[in-house]
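Student: One structure is given below, represented as structure tokens, and several questions about it will come after.
The values are calculated or read from the model by the stated rules, or taken from the named source; none is laboratory data. On a predicted model such as this, the values are computed, not experimentally measured, just so you know. A quick note on method: Cβ atoms are made from the backbone with ideal geometry, for glycine too, and the neighbour counts reach across all protein chains shown. With ligands, DNA and RNA removed, areas are computed over all heavy atoms of the protein, side chains included. Shrake-Rupley method; radii C 1.70, N 1.55, O 1.52, S 1.80 Å.
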Amino acid sequence: MPNPRKPFRINVGFIIHEETGYSHEIPFELEKVQLEDLKLENFTGNIAIGRTPQGLVVQGRFSGNTQLECVRCLNEFVFPLEWEITELYAFNRKSESESGLLVPDDAHIDLAPLMREYALLEVPINPLHDPECKGLCIECGQDLNVNDCGHNQHPGDSPFSILKELL
């Protein structure tokens, strides 16, 4: 069972001393997780750590919910994240992969930074709570999903309106 304060810091010493091909699985089910600046709720996942001649292969599949802000209306919403990781923690520099991960001398690997990186790759650049989000009024700031304020959302007095005529 992982440490509740640092659930992703795993003692792999016993796996290092096993034969090549040995694999150990660790399930995760946490109500809340903090990966530096990324907060996740209802976190579930499974990690399989396998022994190879070069090092330890860590494979995992995870899911959790995070809070994002819609880029159009600025309202927060729950966004489900799902991601997978596959990395090699090499025994020495000669076997090191592109990621540069090495098995530490104390045989405790911390997967939190790695998991954060992979999770952030799944966060959309322009998150929308709904593809049909109408956004905010450009004059008064009213959330157009809630109420139409009556302002013209496409003013013709824009300095760029002349460019429309060129099309």
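Student: Write down the Kirkwood hydrodynamic radius of the chain, to one decimal in angstroms, obtained as one divided by the mean of 1/r over all alpha carbon pairs.
Tutor: Value: 19.4 Å, from the Cα pair sum.
Student: Let me ask something else. For segment 91-98, in order, what is each residue's ³J(HN,Hα) by Karplus, 6.51 cos²θ - 1.76 cosθ + 1.60 with θ = phi - 60°, in whole Hz (x at glycine and Pro)?
Tutor: Rounded to whole hertz, the list is 6, 8, 4, 5, 9, 4, 8, 4.
Student: If a/c stays under 1.5 just call it rounded; otherwise compare a/b with b/c (prolate if a/b is bigger, oblate if not). Do that for segment 1-88, with a ≥ b ≥ c from the square roots of the Cα gyration tensor eigenvalues.
Tutor: It comes out prolate by the Cα gyration axes.
Student: Another one. Dipole of the chain (Lys/Arg Cβ +1, Asp/Glu Cβ -1, origin at the Cα centre): which of Ile85, Gly45, Ser99 lies farthest to the positive side?
Tutor: Ser99
Student: Looking at the chain as a GNM with Cα springs under 10 Å, which of Glu69, Glu36, Glu87 has the largest mean-square fluctuation?
Tutor: It is Glu36.
Student: Before rounding to the nearest 500, sum -39500 (n - 2.57) across all DSSP H runs of length at least 4 in the chain and divide by the residue total; then give [θ] at 222 nm in deg cm²/dmol.
Tutor: -2500 deg cm²/dmol
Student: Just to be sure I understand the model, the point goes 7 Å from the Cα along the line to the Cβ. What's the resulting Glu69 to Asn126 distance in nm?
Tutor: So the two model labels end up 1.7 nm from each other.
Student: Could you check how much of the accessible area of segment 1-153 is carbon and sulfur, as a whole percent, using a 1.4 Å probe?
Tutor: 47
Student: Let me check against my output: what whole-number percent is the relative contact order of segment 69-135, with C-alpha pairs under 8 Å and at least 6 apart?
Tutor: The normalised contact order for segment 69-135 reaches 48 percent.
Student: Then there is this: So who's got an amide H within less than 5 Å of the one on Lys134, skipping anything under 5 residues away but keeping other chains? H placed 1.01 Å off N, in plane.
Tutor: Counting only residues 5 or more places away or on other chains, the set is Asn145.
Student: For Gln142 and Glu96, FRET efficiency with R0 = 41 Å and r from the beta-carbon atoms, rounded to 0.05?
Tutor: The computed FRET efficiency comes out at 0.15.
Student: At 1.4 Å probe radius, can you tell me the per residue accessible area of segment 53-136 in Å²?
Tutor: That works out to 60 Å² per residue.
Student: What aspartates and glutamates could a cross-link reach from Lys94, if we take a straight Cα to Cα line under 19 Å and drop same-chain neighbours fewer than 8 places away?
Tutor: Correct list for Lys94: Asp105.
Student: If you put +1 on each Lys and Arg Cβ and -1 on each Asp and Glu Cβ, how big is the dipole of the chain around its Cα centre, in Debye rounded to 20?
Tutor: In total the dipole reaches around 400 debye.
Student: Okay, next question. If Tyr118, Tyr89 are ordered by their accessible area, calculated over protein heavy atoms with a 1.4 Å probe, which sequence runs from highest to lowest?
Tutor: Largest accessible area first, the list is Tyr118, Tyr89.
Student: With θ set to phi - 60° and the Karplus curve 6.51 cos²θ - 1.76 cosθ + 1.60, what are the ³J(HN,Hα) couplings of segment 76-86 in order, to the nearest whole Hz, using x for Gly and Pro?
Tutor: Couplings: 7, 8, 7, 10, x, 10, 9, 8, 10, 10, 8 Hz.
Student: Quote the relative contact order of the chain in percent (integer), defining contacts as alpha-carbon pairs under 8 Å separated by 6+ residues.
Tutor: Averaging sequence separation for qualifying contacts and normalising by length gives 18 percent for the chain.
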